[in-house]
Amino acid sequence: MSQQPFSPSTIATDAKAPTLKRLRQMARLLDRAIVIPGTEVGIGLDPILGLVPGGGDFLGVMLSAYIVLESARLGAPRSTLSRMVLNIIVDGVVGAVPVFGDFFDFAWTANTRNIRLLEDYLKFPGQRRKADWWFIAGIMLVLLVLAIALVALPVILLRAFVSLFAGG
């Protein structure tokens, strides 16, 4: 009696499909939720959150970090996760600049870029080594510190500005 050969790549891909679908939906919501009629340009939740003083950029980075965390759970290697984190850092730091950052957030779709990186990895998963959990914990810590800095820095600068002109 002949048995079908075990195919881990098919099983793994099938098991990862619901997570990948959820991450694609989340990236779309964050980067292109509302498409401007007559164009292919979309506005997502991330640039809208960036308009909220203080906590908007923090929340945007944390939502983007979720995509990185789920990518790590899907087995993405260090190189892919590092590029994802770099996309989020660029989005968070430049996005924090008043006015210019809001336009940048609109154009720089870090979450969509990160989904493409994940999909590229998932096409050929066996070719790269999976990231270890210490590395993943480290990049999540970096993103948390970035998010906190995006909240704290404007408060510190505003306080310094007020004390400079208030004479206190």
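Here are some notes:
- Restricting region 69-80 to residues that are farther than 30 Å from residue 155 by Cα and part of a helix (DSSP H, G or I) leaves a set whose member that is most open to solvent (accessible area, probe 1.4 Å) is 73.
- Residue match in region 55-65 (condition: in contact (Cβ under 8 Å) with a residue 24 or more places away in the chain and in a loop (DSSP other than H, G, I, E, B)): no
- Residue match in region 152-165 (condition: of a type in the set (Val, Ile, Thr) and surrounded by 19 or more Cβ atoms within 10 Å (Cβ to Cβ)): no
- Residue 52 fulfils the conditions (1) surrounded by 12 or more Cβ atoms within 10 Å (Cβ to Cβ); (2) modelled with pLDDT of 90 or more except for a single criterion, (2).
The values are calculated or read from the model by the stated rules, or taken from the named source; none is laboratory data. Computed from a predicted model, the values in this text were never measured in an experiment. Counting neighbours? That spans all protein chains shown, and the Cβs are built from the backbone with ideal geometry, glycine included. Note: areas computed on protein heavy atoms with side chains; ligands, DNA, RNA excluded. Shrake-Rupley method; radii C 1.70, N 1.55, O 1.52, S 1.80 Å.
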